[in-house]
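In what follows, a structure is listed as structure tokens, so that the remarks can point back to it.
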Amino acid sequence: MSTLAAQGVTVRFGGLLAVDDANLRVPEGEIVGLIGPNGAGKTTLFNAICGFVTPVRGAINFDGADITKLAPSRRARLGIGRTFQKLELFHRMTVFDNLMVAAEAAASKLDLASDLMHLPRRPREERRCAEIARGVMDELDLGWAAERRASDLPVGTSRLLELGRALCTNPKIMLLDEPSSGLDTRETHAFGQLLQRMNAERKIGILLVEHDMDLVMEVCRQINVLDFGRMIAHGTPAEIVAEPAVRSAYLGEEEDDAPATPSARG
Amino acid sequence: MSVLIATILIGLASGSVYALAATGLVLIYKTTRILNLGYGAMALFTTFIYWQFTVNYHWPLWISAIVVVLFIAPAIGFFLDSQLFRRIEDQPIVIGLIATVGITVLIQGVVFVIWTSKTQTVPSLFPDGSVKIPGGATLGLDQLLILVVSLGAVVLLTLMLRYTRLGVAFRAVVDNRPIAGLMALNTNFISGLAWALGTSIAALTGILITPRLLLDPIILPFFIISFLLASAMFGYLRSLPLAFAGGLILGVTQSLIARYGTFRGMFGRLGNATPFIMVTILLLLAPRRLRVASTGGSFVVKTRELSAHASQRVRVGVAVGLFGLLALLPTLVTSVSWQRSLTTGMIMAVVFLSLVILTGFSGQISLGTTGFMGIAAFTAAHLATDLGWSSWVAFLLGALAAVPAGALIGIIAVRLHGLFLAMLTLAFAFMAQTLFFFDPTISGREGSVPLPRPSGFHSDTRFYYLALIVLVAGAIVAANLRSGRTGRVLAAIRDSETATRSLGISVTKYKVLIFSLSAFMGAAGGILISMQKESAARLDFLPFYAMIFLTVAVVGGLFHIGGAVAAGLLFGLYGQVFSSNNFMLNMQNIFFGLGATLALAQNPEGLFGELRRGGNAILRAFGNGRGRAPEPLPVAGGQE
């Protein structure tokens, strides 16, 4: 069971309690949303799951194994892919090479000596990985940009490329950090459909941190709500909309937006 | 007891100069984000002007000092800022660092041309005499007055920063330069002022310490930089008070070691290595916040790197043609001295190649090349001379001996980035030199150990081919590195370490790999240099050369294999071409220093970039556009 579970995760930055005793479950092949006001600790929780931030308490389990102490690259190799809220593309490389790095990270059996001496093994492995990269490129309609430099892409394409890069590692679960930011309504809608297609075809579990409520309501079967580092609600989209605590904390009823604490964000 | 007090006071006196100089360095760094490795050279230059006034023109000491410190030095600082450093303001921090290395080489060249490369004595501002301190020991009057003057200068600086309008503007720029700009402060003027003030302090430093130290154009800049960096590192380049305290601590430590240290052998030189041992310890202990924040992430230049490149076939063809020409050269050029210079060029190209794969391909930086080269050369020499092993075996094992050092720096490079990493590698080169290469058991009584050429390659012509073979092998490995999986991962790390990790790639593994490989290549170059002269000499591996190498590599083109070859030929042939022209020989350092700084400001791809542009234009003219036209690509920002 490729289930991801965070139990009682607590993250502290100096005196600031960024995430406080948060629980979260992404069952295999499910799309789960994580929402909350700015500075609620969503990205921090995200980073704790990926290993970029160390929680002071709590455990993270994946596939039934405790991964709390593993380095980010080890977790990625277990099948946890991610994208970044602030784009982290290899901006001076071409679109194709961005995907190629990921495909090779997961699939290439090329050893250093064969690579540096250009032994026959190298073109073979490269062809195999290039096929993976090209497959993802076709799946996401990125073929037209293959030889473009990543820094030259419009935001929408960049978001797609990050998604594609994670896909190339053939993950079991993907963590998407605000993938719709910078996209217009039409692009966001298309992105939502893409996520659902990916989920259906590749059986990938998805944890979606998102600001765009329409997108979350549309694609997520389960939604978790984080506020001031605490998980205040959990349920189906319909339950979440009805929840009074969520309405006051997030949907802005009765009180103004919660104060932002930028340092808590990744 | 009184001896102890006197020792501490002596330490405080020299420490106060370090402290003063360190505040100048940190001031410039904080306002302009440029860590000025040229600080020592600036002190050298201004002190030479002072020397000119006092010794040659017989001006009164105090007038000369005031003219230099208050008028000439600030003008120089302002000039450097407005003409050079402002242009590379928005470049990654490491670019600024290399530019200051260029300034060092440049200023040293200027001093050689205008004045001399010989050591001079500088008259002291202060009268002779000594002061009795309670307990019976004595202290030089000059030392006491140095303490007074430098403390006074620091107090003045502090008061200025705290209480004047200008000081407020300064602190605003230091805190946040863009915001200060929005607040209608003229940030350019302030940064110019920081440079002016910093250069003044550099001049004062030079004038205060040279009477006791001698004015040595070769050693002084690096002596000053070594204690300066150690002092400034106490505040991690950010805190003026801590840098000041660091200077005092360093001065007292050195004084105590000099007085009470009765170490033998390697540890006998511990005193000389103190500054860089301190730098290393402080860097390794640096809190994460400081290690990561704004020390310049990877080495990324705003370059049109992906622009115009010809097709794979054309590039391989050009490479084969060029190396073929290099292989034919000994039959075309029969002059012995020309052949030797060409050999030097090939060997240096190997060394530059080690910098190209490290910095150009992978975005890492090393100022420690000479460390690797020396370790390898001395290992090989001892294996061949003491144990009588074949020079081939010695070659291979010697080059391998540098790999652990490279791997260690690679591991550290996971924690340290950009500027701090550069400091650490510099410290490595200095420590390797002071503690090992200058040890008689390592470099012999005369400072060199014989290292014969491998059998079959004894003649100069044959040896040229050996160097060429090593270079071609290195170039092939480098080309495969760049185009293959490993190269893609290294480029990915250069662009975003976080994203690379998120794909399941171990950044540590690749950093260790690239530093080891680069160390191995540099080491091969170091061994070849020694084999060419048939001895490994300690004076061939001075840390200063690592800096020159970097500037030459930048001039040649740091981002391409061809750039390394161009740089090698440039370096090897410069002396040969101008062998009968003394003026041009003296200009060598000026040429490379200026070239590197200009290249960084104007065209980061260096000479090779220019050559390739010309080549592509020719291809386009004749080959129906086989060379792709340079697209006007938007420039990618540096990762900070």
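The values are calculated or read from the model by the stated rules, or taken from the named source; none is laboratory data. This one's a predicted model, so the numbers in the text were calculated from it and none came from an experiment. Glycine also receives a Cβ, built like all others from the backbone with ideal geometry; neighbour counts cover every protein chain displayed.
Is it the case that region A:137-144 has a residue that's more than 14 Å from chain B (Cβ to nearest Cβ), part of a loop (DSSP other than H, G, I, E, B), within 19 Å of the chain's Cα centre (by Cα) and closer than 29 Å to A:ILE49 by Cα? Yes, the conditions are met somewhere in region A:137-144.
Given the conditions (1) closer than 23 Å to B:PHE244 by Cα; (2) at pLDDT 85 or above, report the number of the one that B:PHE45 does not fulfil. Condition not satisfied by B:PHE45: (1). Here B:ILE281 passes the criteria (1) more than 30 Å from B:SER231 (Cα to Cα); (2) at pLDDT 90 or above; (3) not basic (Lys, Arg) except the one numbered (1). Counting the residues of region B:527-564 that are more than 21 Å from B:ALA99 (Cβ to Cβ) and of a type in the set (Phe, Trp, Tyr) gives 1. Residues in region B:270-286 that are touching a helix residue (DSSP H, G or I) at 6+ places or on another chain (Cβ under 8 Å), part of a helix (DSSP H, G or I) and aliphatic (A, V, I, L, M): B:LEU270, B:ALA273, B:ILE277, B:MET278, B:VAL279, B:LEU282, B:LEU283, B:LEU284.
The residue list B:GLY563, B:GLY522, B:GLY557, B:GLY568 contains one member that is within 15 Å of B:MET373 (Cα to Cα), touching a Phe, Trp or Tyr at 6+ places or on another chain (Cβ under 6 Å) and either of a type outside the set (A, V, I, L, M) or crowded, with 23+ Cβ neighbours inside 10 Å (or both), which is B:GLY522.
Candidates in region A:162-175 are the residues that are away from chain B (no Cβ under 12 Å) and under 11 Å from the mean Cα position of the chain (by Cα); of these, the one that is surrounded by the most Cβ atoms within 10 Å (Cβ to Cβ) is A:ILE173. If the condition is being surrounded by 15 or more Cβ atoms within 10 Å (Cβ to Cβ) and modelled with pLDDT of 85 or more, then region A:230-251 contributes A:ARG230, A:MET231, A:ILE232, A:ALA233, A:HIS234, A:GLY235, A:PRO237, A:ILE240.
Condition check for A:GLY156 on (1) without any contact (Cβ under 8 Å) to a residue 40 or more places away in the chain; (2) under 21 Å from A:PRO27 (Cβ atoms): one failure, at (2). Scanning region A:101-125 for residues that are without any contact (Cβ under 8 Å) to a residue 60 or more places away in the chain and at the interface with chain B (Cβ under 8 Å from one of its Cβ atoms) returns A:GLU104, A:SER108, A:LEU110, A:LEU112, A:ASP115, A:LEU116, A:MET117, A:HIS118, A:ARG122, A:GLU125. Sub-8 Å Cβ pairs linking a first residue in region A:23-42 that is in the same structural domain as A:MET217 (by TED's automatic domain parsing) and acidic (Asp, Glu) to a second residue that is modelled with pLDDT of 90 or more and crowded, with 17+ Cβ neighbours inside 10 Å, at least 6 apart or interchain, are A:GLU28/A:LYS172; A:GLU28/A:GLY205; A:GLU30/A:GLY205; A:GLU30/A:ILE206; A:GLU30/A:GLN222, ordered by first then second residue.
Being buried (at least 21 other Cβ atoms within 10 Å of the Cβ) and either touching a helix residue (DSSP H, G or I) at 6+ places or on another chain (Cβ under 7 Å) or part of a loop (DSSP other than H, G, I, E, B) (or both) is a property that B:PHE372 has. Residues that are surrounded by fewer than 17 Cβ atoms within 10 Å (Cβ to Cβ) and either of a type outside the set (S, T, N, Q) or within 11 Å of another protein chain (Cβ to nearest Cβ) (or both): does region A:151-161 have at least one? Yes, because at least one residue in region A:151-161 is surrounded by fewer than 17 Cβ atoms within 10 Å (Cβ to Cβ) and either of a type outside the set (S, T, N, Q) or within 11 Å of another protein chain (Cβ to nearest Cβ) (or both).
Scanning region B:489-508 for residues that are at the interface with chain A (Cβ under 7 Å from one of its Cβ atoms), under 29 Å from the mean Cα position of the chain (by Cα) and surrounded by 23 or more Cβ atoms within 10 Å (Cβ to Cβ) turns up B:VAL489, B:ALA492, B:ASP495. Filtering region B:197-221 to residues that are surrounded by fewer than 21 Cβ atoms within 10 Å (Cβ to Cβ) and in contact (Cβ under 8 Å) with a residue 12 or more places away in the chain leaves B:PRO211, B:ARG212, B:LEU214, B:ASP216, B:ILE218.
Is it the case that A:LEU226 is outside any helix (DSSP H, G or I) and within 14 Å of another protein chain (Cβ to nearest Cβ)? It is false that A:LEU226 is outside any helix (DSSP H, G or I) and within 14 Å of another protein chain (Cβ to nearest Cβ).
The set of residues in region B:509-526 that are more than 26 Å from A:ARG165 (Cα to Cα) and either within 8 Å of chain A (Cβ to nearest Cβ) or among the polar types (S, T, N, Q) (or both) comprises B:SER516, B:SER518. If you filter region A:25-59 down to residues that are of a type in the set (A, V, I, L, M, F, W, C) and in contact with a Ser or Thr (Cβ under 8 Å, 6 or more places away or on another chain), you find that the one that is surrounded by the fewest Cβ atoms within 10 Å (Cβ to Cβ) is A:VAL56. Filtering region A:90-100 to residues that are more than 7 Å from chain B (Cβ to nearest Cβ) and crowded, with 24+ Cβ neighbours inside 10 Å leaves A:VAL95, A:ASN98, A:LEU99. Identify all residues within region A:75-89 that are out of contact with any helix residue (DSSP H, G or I) (no Cβ under 7 Å at 6 or more places or on another chain), more than 7 Å from chain B (Cβ to nearest Cβ) and of a type in the set (Lys, Arg); write none if there are none. The answer is A:LYS86, and nothing else. Screening A:THR188 with (1) crowded, with 23+ Cβ neighbours inside 10 Å; (2) outside any loop (DSSP other than H, G, I, E, B) gives one miss only, at (1).
Restricting attention to region B:458-477, does a residue exist that is without any contact (Cβ under 8 Å) to a residue 60 or more places away in the chain, in contact with a helix residue (DSSP H, G or I) (Cβ under 6 Å, 6 or more places away or on another chain), at the interface with another protein chain (Cβ under 9 Å from one of its Cβ atoms) and within 30 Å of A:GLY79 (Cα to Cα)? Looking for residues that are without any contact (Cβ under 8 Å) to a residue 60 or more places away in the chain, in contact with a helix residue (DSSP H, G or I) (Cβ under 6 Å, 6 or more places away or on another chain), at the interface with another protein chain (Cβ under 9 Å from one of its Cβ atoms) and within 30 Å of A:GLY79 (Cα to Cα), one finds none in region B:458-477, hence no.
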